[in-house]
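For reference, the structure is listed below as C-alpha cells.
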Amino acid sequence: MQNISIRNFSRGLSNDKTAFNIDNDAFPYLFNFYVWRGRVKRKRGTVFLGRLTRQIESVSGTADTWQYGTITFTAGVANLLTFISAPSGASIVPGTIDITVGVTTYTDPSSNGVIVGGAGGSINYATGVLTLTGVGNTTGTGTFAYYPGLPVMGLRDFVTSATATSNNYPLLIAFDTTYAYQCDQKDLNTNFFSVSYYKATNNPVVWNGDDFQQFWSTNYPTSTAQQTGAFWATNNVPGFHFANGTYTSGSGTTAITMNLKSGGVNLTTLIVGDMLWFNEWTGTINGNVGEVTDTSGSAGGNYVVTFANSVTVSGTGIAQLLTNSISGQDGIRWYDGDMTGQTGIPITAATGWVNFAPPLTATTVSINGLPPALYYLVGALAIVPFKDRLLFFSPYVQTSSGNPVQLNDLVIWSWNGTPFYNSLVPNNQTFNASGYYVDQTGFGGFLSAGISQPIQTITNNEDVLLIGFGGNGRKTRFAYTGNDIQPFLFYNINSELPSTSTFSSITLDKGAIDIGSFGICITDQQSSQRIDLDIPNAVFQIQKNNNGNQRVSGIRDYINEWIYFDYPVDNSQWTFPTQCFFFNYRDNTWAIFYENFTSQGHYRANDTLTWATLPYNTWGEWEDPWNTGTESEYEIQVIGGTPQGYVLVKGVGTNEALSGYISAITNDGNGNTQITSYNHCVTNNNPNSLTTDFIYIQGCLGTNAATLNNKAYAVINVIDENNFVIDTLYPGAGYLGNGQFSRLSQPEFQTKQFPVYWDQGRQVRLGRQQYLLTTTGDGQVTLNIYLSQDDTDPWNDPVFSGTPNGLIYTQTLLTSLETNNLQSLVGQGQQQIWHRVNTSLKGDTFQISMTLSNQQMLDIDTATDEIELHAMNFNVSPGPFLA
C-alpha cells in the first residue's frame, strides 16, 4: 500500500502522449479549468462593461446628414427600428425614449416599456414598436438610442491629449462591422456612444467590412499639449473616395465651379462644408484642399468649391472626398477625437474621421511590376509607425481609372516627417503632399519581400519588426538600414513556420507569439519555434473555411501573465469563435476555454471600484483578492467583444456576464420555449465532452416572459444560428424585450491515467482519496472515477453505462464546510479544506475527473462558485495481475 500525493501543479493540458504516459500533475483534458501558480482553478468569469450603442435624433424640416426626419405614427403606432432601417437583432435601449408629438413629450423613465406623457403608451424594446395612446395619424420628433447588435470587430487604444493621463492610459475605441464607438471609461456599465462622423461636416461614417474583418489601428503621431495626434484604422477593405471632375468656371480665383461624377453618375451627396483634395488636373489646383460652399446645382453634380488662395484649373481631374464617402468603400481613415461630448449626437465638427488615400507617385511609374500610372494608397492590412515613418503592410494601390490591387508581400512607407498629405490635419500638425512619393528620393518608398506570399502578422521585437508570411511563407526580420535611399530590408529567420492569423500576434520581451499553419510559435530575431508541443494537434482545430484564420484574436493579460487566443472551431456549426487557447506564459501551461469573443482588447477605467460598486450579485461571488489590481483605477484589463455587440471584462470572479440578447420568445411547436437571438452561438452539441450549453436569463419584460427571469436553463435544441430552445415550457405571449442571457461556464478536467503497478504487471486498487480545495460558502463539484483506460464511464456513478451500478457511492464532492459525526461544521476559518472520499475500486489504471453535472449547472449558485484544487492524495495498493 502506498500514497500518491500531487500538489504544486506545474503542468497544464498535455495531450501529446497517451493519458497514462504524461506527468502526474498533467491533464489530458482541461476544459474551463487552468493551472496557475501551483493550483488548478476554474476559468475566470466575466463582468459586463457595456454594449455598442448608437444615438438617434429625429428633427422636422431640413435635417443634417446624420439626422433623421420626422417619425410617422399611424393610429398612434410607429416602429423606431424600421424608421432607422436597423439591422436584424437590433433593439431599443431602455430609458432613452424622448419623443415629442405636438406639444407633448413621451418618455420611458422606468425602462420598463411603459411610456409616460400624454395618455401614455408602450414601447416594445425588441421589435421597436412604439404605441402612443390617442395620438392618431401624426408625426413626431426627438431622440432615442438603439443597440445595433452587430459583431464587435475591434477594441483598440486611442491616445489623445483630451485628458491629462491619456498618453499613459489610452481611451477605448470600439468597432462593429459598420460603426465606430467611444466610451466614457467608467469602471462598469460603460456608455458606448457613436463617433462615426466625419471631421468638418459630421457626415455619417459607415464601414463595409464582413464579420471576419477585424480592425487594425495605431496612434501616430502621438498627442502633446500643443498638437493633436491621429488614430489610424483599417479593416483591410480598400476604399478610394473620389469623384471624376470637369472644370466649369472660375479659374484664377478662389471659387471654382466644377461638375463631379462617381462611376459615371452625377455625385449628389456632397454638402456645404465638405472638404475635397484635388489631383490630376491642369493648373495649380493639384495638391490643394477646397471646401464645398454652394450645392445648389448638386442634382446635376455641379458644385462651387472655395480655396484659401486663388488657383488655376482646366480640363478634368479627380477630387478626393476627405469628409464624405463613396458607398461601399472603406480604405484607411484617421480620427482625432470625439465630436459628440460623449453623447453620441454631434455638437462640434472640429474633430472626427478623415479619409486617407495619399498619392504614391508624382509621375507615371510602375509599383512592384504594375503598369506605369499615377497610383494612390487606398487600403492596407496593417499600419505601423516605425523609425519616424508610417508603414502600410500588404497595401492596396489604385489608379483613378482602375480597380484596387492588393500587393500582399509589400510594405509602403511615408517619408521621415509628417504622415499627412493635405491641409486637413489634426490640431497644429503639418502636411506634405509629396510625403508618400516613391518616385522621388527622400520621400516615401516601398519594398517587396519577393516571396509571393501574403504578409499575415506584424510585431515588434527590440529594434526590428517581425513579419510573418502566410501560405508556405516564412518568418522574417524587417530592419532599418539607416540609409534613406533604401531604409528597410527583409531578412529571413525561418522558412517552415508560416503565419496565418493577423490578430493572433502577441509581443513579449523575448519574442513574438502568433498562430500559424503548423503551430503556435514564438519568434525572435534569430529563430522561430513551436511553443505548443504539449498540445501539438490543437492548432489544427481552427476552422479553415469561413475565413476562420482571420477570426482568431489574441490578447495578453499583463497582471495574471497569460494569453488568450480565441478561435472558431473546425467542423463547428458556428463561424464565430467559440473556444480559446489559454496560455499561461509564466508557467508554460495550456488549457481550453469555451467563450465567444470576436475581438479582444485592453481597457483602463477612469474610476476605482468601491465596496458598493463591485460587479457581483452576492459577496460569495467575489473570488478575487482585493489586491489583484483588477479593480484599480487605470489598471489595464482584458476585454472581449461578442457577435451581438456586448463588451465584457475578462478574468474577473467566476460568474458570467450578460452577453446575449433575446429578440423574441415563442413556442417551438412542442410547448417548449424558443429563443430568438441573432448569432447566439450556443449549442446543445458541444464539440468537447460536455453535452450542452446552459444560460441564465435576466431582464425579460412582459407578464408572462418575466417568469423566465433569474433562472438557469439547459439548451435542448439549436434550430439555426438565430434560434434555440431551452428546457422550460413556453410562458405565453406578450414579450416586450430587454431579455438577456449569460452563457454559463461548465468546467471539467481529467487527470492522467495512473498506471501505478504496471512495473509489477498488476492492476491498481484505489482506496481513500483526499482533495484539498479552496473553501466556498455552499459549493460542490461532481467527482468522477474512471478505470482501465476508459475515460467515458465513471465507476462511482450510481447508474453505470445505463444500468444500476450497485455500488454505494456518491459523485458529489463538497467544496464547502462538511459536518462531522456530531453534525458540527469542520474547518471553519480555513481558506482551504481537505475533503475525503472512500472507495475500493480496481482497474488497470485509475483516473479522476472534476466537473459540474447538468443538475449542478441549473443551480446558479453552484454553477458560478469557485473551484480551486491545491492537492490530491490517493491511497493505492496492488490489485490482480493485468490480463
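The values are calculated or read from the model by the stated rules, or taken from the named source; none is laboratory data. Here the structure is a predicted model, which is why all the values come from computation and not from measurement. Virtual Cβ from ideal backbone geometry, glycine too; neighbours counted across all protein chains shown. Calculation scope for accessible area: heavy atoms of the full protein, side chains included, ligands and nucleic acids excluded. Shrake-Rupley method; radii C 1.70, N 1.55, O 1.52, S 1.80 Å.
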From the options ASN571, ASN549, ASN545, residue that is over 24 Å from GLU462 (Cα atoms), open to solvent by 10 Å² or more (accessible area, probe 1.4 Å) and under 17 Å from the mean Cα position of the chain (by Cα): ASN549
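Rundown of residues vs (1) open to solvent by 10 Å² or more (accessible area, probe 1.4 Å); (2) outside any loop (DSSP other than H, G, I, E, B); (3) in contact with a His (Cβ under 7 Å, 6 or more places away or on another chain); (4) not small (Gly, Ala, Ser), yes/no style:
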site	(1), (2), (3), (4)
ILE513	no, yes, no, yes
ASP534	yes, no, no, yes
PHE540	yes, yes, no, yes
ILE563	no, yes, no, yes
ILE592	yes, yes, no, yes
Does ALA308 fit the bill of being outside any strand (DSSP E or B), among the aliphatic types (A, V, I, L, M), at pLDDT 95 or above and open to solvent by 10 Å² or more (accessible area, probe 1.4 Å)? no
Looking at ASN428, ASN422, ASN368, which one is open to solvent by 30 Å² or more (accessible area, probe 1.4 Å), farther than 30 Å from ASN461 by Cβ and part of a loop (DSSP other than H, G, I, E, B)? ASN428
Being open to solvent by less than 80 Å² (accessible area, probe 1.4 Å), touching a Pro at 6+ places or on another chain (Cβ under 9 Å) and modelled with pLDDT of 65 or more, is that true of even one residue in region 816-829? no
Of the residues in region 111-142, those that are over 30 Å from CYS681 (Cβ atoms), open to solvent by 50 Å² or more (accessible area, probe 1.4 Å) and in a loop (DSSP other than H, G, I, E, B) come to GLY118, ALA119, THR133, GLY134, ASN137
How many residues does region 516-532 contain that are without any contact (Cβ under 8 Å) to a residue 40 or more places away in the chain and not in a loop (DSSP other than H, G, I, E, B)? 4
Would you point out the residue of region 2-48, among those that are on the phi > 0 side of the Ramachandran plot and not in a strand (DSSP E or B), that is least open to solvent (accessible area, probe 1.4 Å)? ASN32
From the list LEU773, LEU729, exactly one residue is at pLDDT 95 or above, among the aliphatic types (A, V, I, L, M) and over 30 Å from TYR678 (Cβ atoms). Which is it? LEU773
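Listed here are the residues, each with its yes/no results for (1) at negative phi; (2) surrounded by 17 or more Cβ atoms within 10 Å (Cβ to Cβ).
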{"residue": "PRO372", "(1), (2)": "yes, no"}
{"residue": "LEU407", "(1), (2)": "yes, yes"}
{"residue": "TRP413", "(1), (2)": "yes, yes"}
{"residue": "GLY442", "(1), (2)": "no, no"}
{"residue": "ILE451", "(1), (2)": "yes, yes"}
{"residue": "ARG474", "(1), (2)": "yes, yes"}
{"residue": "ARG477", "(1), (2)": "yes, yes"}
{"residue": "THR481", "(1), (2)": "yes, no"}
Out of everything in region 692-721 that is outside any strand (DSSP E or B) and more than 28 Å from VAL114 (Cα to Cα), what residue ends up being most open to solvent (accessible area, probe 1.4 Å)? GLU721
Hey, among the residues in region 49-63 that are touching a residue at least 40 places away in the same chain (Cβ under 8 Å) and over 14 Å from GLY344 (Cα atoms), which one's most open to solvent (accessible area, probe 1.4 Å)? SER60
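A quick yes/no check of all residues on (1) of a type in the set (Asp, Glu); (2) surrounded by 22 or more Cβ atoms within 10 Å (Cβ to Cβ); (3) farther than 30 Å from THR96 by Cα:
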position: PHE144; (1), (2), (3): no, yes, no
position: ASP157; (1), (2), (3): yes, no, no
position: ILE173; (1), (2), (3): no, yes, no
position: ASP210; (1), (2), (3): yes, no, no
position: THR228; (1), (2), (3): no, no, yes
position: PHE242; (1), (2), (3): no, yes, yes
position: THR253; (1), (2), (3): no, no, yes
Mind checking which residues of region 340-349 are over 27 Å from ALA243 (Cβ atoms) and surrounded by 18 or more Cβ atoms within 10 Å (Cβ to Cβ)? THR340, GLY344, ILE345
Of (1) in a loop (DSSP other than H, G, I, E, B); (2) surrounded by fewer than 19 Cβ atoms within 10 Å (Cβ to Cβ), ASN492 satisfies every one except (1)
Under 7 Å between Cβ atoms, which residue pairs at least 6 apart in sequence (or on different chains) link something in region 313-339 that is open to solvent by 10 Å² or more (accessible area, probe 1.4 Å) with a partner that is β-branched (Val, Ile, Thr) and assigned to a strand (DSSP E or B)? SER314/THR282; GLY315/THR282; THR316/THR246
Quick check on region 283-305: of everything there that is in a loop (DSSP other than H, G, I, E, B) and more than 17 Å from LYS261 (Cα to Cα), which residue is most open to solvent (accessible area, probe 1.4 Å)? THR284
List every residue pair whose Cβ atoms lie under 8 Å apart, where the two residues are 6 or more positions apart in sequence or sit on different chains, the first residue falls within region 548-567 and is touching a residue at least 60 places away in the same chain (Cβ under 8 Å) and within 14 Å of ILE515 (Cα to Cα), and the second residue, located anywhere, is part of a helix (DSSP H, G or I) and hydroxyl-bearing (Ser, Thr, Tyr). GLN550/THR502; SER553/SER504; PHE565/SER504
Here is a check on your reading of the model: is ARG389 modelled with pLDDT of 95 or more, of a type in the set (Lys, Arg) and crowded, with 24+ Cβ neighbours inside 10 Å? no
Checking LEU882 against (1) more than 29 Å from ASP759 (Cα to Cα); (2) touching a helix residue (DSSP H, G or I) at 6+ places or on another chain (Cβ under 8 Å): exactly one of these is not met. Which one? (1)
Of the conditions (1) touching a residue at least 60 places away in the same chain (Cβ under 8 Å); (2) within 15 Å of TYR198 (Cβ to Cβ); (3) among the aliphatic types (A, V, I, L, M), the single one that LEU270 does not satisfy is (1)
In region 335-372, anything touching a Pro at 6+ places or on another chain (Cβ under 7 Å) and of a type in the set (D, E, K, R) is listed as ASP336
